[in-house]
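One structure is given below, encoded as structure tokens.
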Amino acid sequence: MNTAGAPRSIEQYLKALKEALSGEDPALIQDALYDAEEYLRAEIGANPGKSEADVLELIASTYGAPREVAEAYRSTEKRVREALAPPKPKEHRTVLGRFFGVYAESRTWTALFYALLAIGTGIVYFTVTVTGLSLSLGLAILIIGIPFFLLFVGFTRVLALAEGRLVEGLLGQRMPRRPRYPQKGQPMMERIKDMLGDRRTWTTMLYFLLMLPLGILYFTVAIAGLAAGLSLILGPLSALLLEGGGIHMDGVLVTAEPAIGLVAVPLGILLLTLVLHLIRGIGTMHGGLAKHLLVAQSRDD
């Protein structure tokens with residue numbers, strides 16, 4: 001293999017790999033860079049008698065040159081996406097078919113599940129972030145303040161990775177699949193500087209703070225919309241099946257007029273379908289928000 005022009009440092013290797021993956025999904029690029037950095041630093045640490053340039057030259061013939069590694073990631077990503085992709089929904093030619101086809105799409109129901117789950121995860125994320133920031137500021141004057149802040153930021157990154165798995169699994173948005181490599185032997189002040197200067201430290205916290213109001217909004221829209229639609233559909237039908245063709249309220253018989261049912265049931269079906277389309281849209285929007293705030297963008301180092 002021709003090693004002319006091969007990277008002579010880890011930074012050069014990662015930069016070349018990032019350029020080779022240009023145009024790919026930011027989450028894929030982030031995973032590839034983290035994997036490569038972990039491997040490169042481990043190899044350099046296992047060969048203390050060799051220079052960084054010599055180790056990298058050897059790695060180019062084993063682990064692979066940046067362009068070869070990039071191509072391997074593209075190939076693997078394609079296979080993984082095909083394996084994880086949900087069944088392709090049937091294509092509908094008519095507007096009416098596409099409108100009611102939302103019921104047959106798996107992403108509709110996974111997005112609905114995420115909307116219902118978001119209020120719980122939002123409470124957890126919001127509580128962790130507010131508590132962690134408050135204690136970090138309160139302990140800043142003490143010697144334990146710095147280790148606590150590092151622990152807090154590390155924990156938020158673990159939570160972000162877990163949230164990414166939920167977003168990818170339920171909303172279909174590609175998210176990072178591995179944590180960042182912790183550089184061994186890095187001085188504490190350098191680690192703090194890196195964390196403070198890392199955009200994702202603050203965008204992750206912002207995402208966690210936003211999850212509480214967003215979770216409440218998603219839950220409210222889902223519950224209120226489903227309840228209204230199902231009530232319009234099931235209310236007239238159940239009333240007609242009860243004794244006397246109506247519902248007794250405080251001893252008074254409320255009669256269900258057939259004409260009301262003829263209007264309410266189609267209206268309920270229409271409303272329920274619109275709510276499911278809205279939930280799908282919320283899922284797409286939230287997936288984009290998670291991608292923007294939790295994943296390293298191309299301009300990030």
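The values are calculated or read from the model by the stated rules, or taken from the named source; none is laboratory data. A quick note: this is a predicted structure, and the numbers were derived from the prediction, not measured. Virtual Cβ from ideal backbone geometry, glycine too; neighbours counted across all protein chains shown. All accessible areas refer to the heavy atoms of the entire protein, side chains included, with ligands and DNA or RNA removed. Shrake-Rupley method; radii C 1.70, N 1.55, O 1.52, S 1.80 Å.
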Report summary line: About its Cα centre, the stretch 28-121 carries a charge dipole, from +1 on Lys and Arg Cβ atoms and -1 on Asp and Glu Cβ atoms, whose size in debye to the nearest 20 is 900 debye
**Report entry** Lys, Arg +1 and Asp, Glu -1 on Cβ, resulting dipole of the chain about Cα centre, debye, nearest 20
**Finding:** 260 debye
Requested in this report: Determine the per residue accessible area of the chain with all protein chains present and a 1.4 angstrom probe, expressed in square angstrom.
Outcome: 57 Å²
Report summary line: Result: in the chain the number of Lys pairs with C-alpha under 27 Å apart, spaced 8 or more or on different chains, is 17
Requested in this report: Select from the chain the helices, each a whole stretch of DSSP H, whose alpha-carbon atoms run 18 Å or more along the helix axis and whose Kyte-Doolittle mean is at least -0.5; answer none if there are none.
Outcome: 26-46, 106-138, 145-166, 199-241, 258-294
**Report entry** Dimensionless Rg/Rh of the chain - Kirkwood Rh, Rg from C-alpha atoms
**Finding:** 1.14
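For the chain, which span is the longest to avoid every loop-located (per DSSP) member of trypsin sites (Lys or Arg not before Pro) having at most 12 other Cβ atoms inside 10 Å?
Values: sites that count: LYS90, ARG93, LYS184, ARG299.
So the longest stretch without any such site is 185-298.
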Query raised in the report: Considering the dipole of the stretch 1-123 built from charges on the beta carbon (Lys and Arg +1, Asp and Glu -1) around the Cα centre, which of VAL55, TYR34, LEU116 is farthest to its positive end?
Result: LEU116
Report summary line: Quick note, the stretch 1-84: a/c under 1.5 would make it rounded; otherwise a/b > b/c is prolate and the rest oblate (a ≥ b ≥ c, C-alpha gyration tensor); here it is prolate
**Report entry** Relative contact order, percent, the chain [alpha-carbon distance under 8 Å, six or more residues apart]
**Finding:** 24 percent
